[in-house]
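Read the structure below first, then the notes.
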Amino acid sequence: MHRPTDEPAATLNPEQVDPGVLGALLHRHGWRRRGGAPGRYGRWTPPDPYTAGTSLLVPESQDFPDSADLLAEALTGLARCAAPSAREVLIGLTLPSDEIRWWREVPEAAAPAASWGARERLRAAARAMLLAGALATRGRVGYHGARHRAAAETALDQVLLGPPTGGALTVFVPVDGGRAATAALLRALYATRDAVDYQRATGGMEAFDAAVRVGVSQELTAALVDLVRGTEGARIALEWAPAAGPPDGFTARPEPVEFSPGDLPALRAAGARYVREEPAVPVRVTGTVSRLRRAAPDGPGTVRLRVLAGADVAQLRLLLDEDDYRTAGQAHLLGLPIRVSGRLESRGGFRRLTGASGVAPVPVDGVERDRLAKSLQENQDIQDIQGIQEIQET
């Protein structure tokens, strides 16, 4: 997530702005329509306390001769307006986005002293929640760990942060490339709310087990715990991009979702349950050796692989017996990847391969070998040196 660095109004062409979308965004962000010629244009003023001296004339459509001029003046007025909502409207016009808002109700006695820390916690929890939504589009499991994390984090690069407004945070998720994650997150939040209610009423965790099928995961429950902890309650609301409308299966105006401190025990229990019950995954992985280490000149040793294929994680750690360790070291010296079988363990976030066996080098052509060798040299771990020396001596 990042804040837009360019002035949004500078990139907008008034002739390409849909007056209906502009009006919908103004209404969403608290602007009031105060008169205007019916069927021709409306006059909009910002929410208090920014009303003095600011008003926008927005045409009803692009069909009138002066529509482009009125839209140009409205965009200029938004750019000059001090109201935070003005910038949010401009962002929504520049990049058609679904808007997600988080609120944390922090006790007033604690708010002045913890305002900076509270804002950072809100931002971190929001990012973790968006990441959980992105992960849900790549697999419905109770615990993702390191699986698919790099791809999910890359998907968040296009998310824009709105201006800070007290105890609230708004993000803009582009419809193009982000709509699937937004929809998955909303669906999972509703399922989480239902599962928490069921657990608090009956003591049973069955609803959390079923909720995995709609995207609920340990990553989402942990994000909700971080959002709610230290507050009197938290609220999440989503509004679809006016230019795109709602996706299939969703209402035009989704109901906000609320969580309270009383929900924390159920959320924590569900997260622990997801981690505990996520099964190990049998895999056959191809990767380049990026680290070699063992305590003695002979015997078993630890290897770290940069994964190329076979597992949805970036790196793996595995313990090899003496023969397989030697094979891995020789492949490293030759600039060759290796292939190895084992079980990807949920403990540690699926970053560890147990029961490793069948280590074998994978032949590659000269160009690919040079590319791998250069990549490994740029990312060389200092502890490789000891491992390489041991391999050469044996």
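Every number in this text was worked out from the coordinates using simple rules, so none of it is lab data. Predicted, not measured: the structure shown is a model, and the values here were computed from it. Counting neighbours? That spans all protein chains shown, and the Cβs are built from the backbone with ideal geometry, glycine included.
Quick notes on this one:
- Rg and Dmax, both from the Cα atoms of segment 98-277 and both in Å, are 15.6, 44.
- Candidates Ala201, Ala223, Ala234: whichever shows maximal mean-square fluctuation once the chain is modelled as a Gaussian network with Cα springs under 10 Å: Ala201
- The structure shown yields log10 I(q)/I(0) by the Debye sum over Cα atoms at q = 0.09, 0.11 Å⁻¹, and of the options [x] -0.50, -0.78; [y] -0.63, -0.90; [z] -0.70, -0.90 that calculated value carries the label [z].
- Restricting segment 214-276 to chymotrypsin sites (Phe, Trp or Tyr not before Pro) that sit in a DSSP loop and have at most 14 other Cβ atoms within 10 Å of their own Cβ leaves nothing.
- Other residues with beta-carbon under 9 Å from the beta-carbon of Leu26 carry, at +1 per Lys or Arg and -1 per Asp or Glu, a net charge of +3.
- Relative intensity, log₁₀ I(q)/I(0), of segment 116-202 from a Debye sum that treats every alpha carbon as a point, q = 0.18, 0.20 Å⁻¹: -0.88, -1.02
- Once C-alpha pairs closer than 8 Å and six or more residues apart are averaged by separation and normalised to the residue number of segment 98-277, the relative contact order reads 32 percent.
- Think of each Lys and Arg Cβ as +1 and each Asp and Glu Cβ as -1; about the Cα centre, that makes the dipole of the chain roughly 700 debye.
- For Ala37, net neighbour charge (Lys/Arg +1, Asp/Glu -1) across residues whose Cβ lies under 10 Å away: +1
- Note on segment 8-94: percent of Cα-Cα distances in each 5 Å bin, starting at 0 and stopping at the bin with the largest distance, equals 3, 16, 30, 28, 17, 6, 0.
- Between the helical axis of 19-28 and the longest alpha-carbon principal axis of the chain there is an angle of about 80 degrees.
- Cβ-defined net charge surrounding Arg179, 12 Å radius [Lys, Arg +1; Asp, Glu -1]: -3
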